[in-house]
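Quick note: the coordinates plus some simple rules give every number you see, no bench work behind them. Everything numeric in this text was worked out from a predicted model, so none of it was measured. Neighbour counts are summed over all protein chains in view; Cβ atoms, including those assigned to glycine, are modelled from backbone coordinates with ideal geometry.
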Amino acid sequence: MKILSLIENDLIIEEKQNYVAIIGSNASTTARSPKLWNYVYEKMNSNIKMYPLDVKGKNLKKIFKYLEKDKYFLGCSIAVPFKEKAFEILKKNIDKNSIGIGSINCVYRDRNFSLKGLNTDGIASLEVFQNKFGRIKSKKVGVIGYGGVGKSVSANFVQNNNVFIFSRKKKDNLNCKKLNMKWNNFSDLSKKIFDMDIIINCTSLGFNTMKNKSPINLNILKKLNKKTIIFDVIYNPEKTKLLINSEILKLKTLNGSLMNIYQALIAFKYVNNIKNKKTIIKVKNLMKSAVK
């Protein structure tokens, strides 16, 4: 298959068989989606399979052009660091609820069999948060990081709350204003963090090669109000340095494990065109079983 020349990892993709994928810079080693999706496909006796595609940024557009034409390709998940780039590639065909976010993590076929972009990260983040802590309103929410995940998470939390973005790029200020969020330079985090009711880490600090790092210094954590909730969207490791330190200090915490499952569930529903509620519940339970 021609697509194999555009990816960095070794794969054998079965010919003339429907398939889905997850696209990222290191999807084959860091993504959990193949485990979730393939477990569901196996238990539901489906011949569909998800493949992880490690891609270089320069080849991303070529990958999308190839997949658009491949009639066996049903859709895909988008992993770090391509959520914003994928949005730009498909910006003429983005789900209406994801247009203002500026990033996507799911691609599916629309009625015309064209590729369409959707963001499920933010929907999942708010749902799992409120499932644990209850519905929130008029809270001060500090979101650290404004990449693909940060954009989607903040866009959902801002609906009924005051969201403050902490990032290193001044150009983020313009997009924040459009969504009624307040932008702050990352360097101001240590000064303004004490006003936050909820703090959400949407950076890669704590993940993969940066697992020993945290976006918040321990001395700063010690000074936070004990009612502050720390939400780290990272799911691997299960407990990042940020969460470990927060738990030691008796702060309320939440990791990204369930968020990852929920966003995968929503994406699975769109990619596989599942509308039956009983089937959706079955898929959800299977995904939870896959990570036990």
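Here is how the numbers come out for the structure above:
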read-out	value
Highest to lowest packing among 18-27, 50-59, 147-156, 218-227, scored as the average C-beta count within 10 Å	147-156, 18-27, 50-59, 218-227
Length-normalised contact order for region 122-255 - Cα pairs under 8 Å, 6+ apart - percent	21
Beta bridge orientation in the chain: antiparallel %, DSSP, nearest 5	20
Prolate/oblate/rounded label for region 122-255 (Cα gyration tensor, a/c 1.5)	rounded
Label assignment, percent of Cα pairs over 34 Å apart derived from the structure, set (i) 42; (ii) 20; (iii) 38	(ii)
Pairs beyond 20 Å (Cα-Cα), from Lys137/Lys269; Lys96/Lys269; Lys61/Lys178; Lys182/Lys241; Lys91/Lys182; Lys140/Lys191	Lys137/Lys269; Lys61/Lys178; Lys182/Lys241; Lys91/Lys182
Amide H partners (placed H, <5 Å) of Gly75, local residues excluded	Ala21
Neighbour net charge for Phe207 - beta-carbon separation under 13 angstrom, K R +1, D E -1	+3
Cross-link pairs Lys116/Lys151; Lys171/Lys239; Lys177/Lys282 - those with Cα-Cα distance over 30 Å	Lys171/Lys239; Lys177/Lys282
Approximate spin-label separation Lys227-Ser289, in nm, with each point projected 7 Å along Cα-to-Cβ	4.2
Full-extension gain in nm, Asn9 to Met210, via 0.36 nm per residue minus C-alpha separation	70.2 nm
Modelled FRET efficiency - R0 35 Å, Lys56 with Leu179, Cβ distances, 0.05 increments	0.70
Among Leu174, Val149, Val163 - extreme Cα towards positive end, dipole of region 142-239, charges at beta-carbon	Leu174
Counted charge near Lys226, where neighbours are those whose Cβ lies closer than 9 Å (Asp, Glu -1; Lys, Arg +1)	+3
Lys, Arg +1 and Asp, Glu -1 on Cβ, resulting dipole of the chain about Cα centre, debye, nearest 20	760
Region 128-259, dipole about Cα centre (Lys/Arg Cβ +1, Asp/Glu Cβ -1), debye to the nearest 20	320
Loop GluC sites (Glu not before Pro), region 1-100, which have at most 11 other Cβ atoms in a 10 Å radius of their Cβ (DSSP)	Glu15
Net charge contributed by nearby residues that have their C-beta within less than 13 Å of Leu126 (K/R +1, D/E -1)	+2
Distant-in-sequence amide H partners of Trp183 (H built 1.01 Å from N, under 5 Å)	Ile165
Region 146-194-region 87-108 distance, computed between alpha-carbon centres (Å)	19
Estimated distance in nm for a label pair at Thr29 and Asn236, the labels positioned 7 Å out from Cα along Cα-to-Cβ	1.1
Karplus (6.51, -1.76, 1.60) ³J(HN,Hα), θ = phi - 60°, over region 277-292, in Hz, Gly and Pro reported as x	4, 5, 5, 4, 5, 4, 4, 4, 5, 5, 5, 5, 5, 5, 10, 6
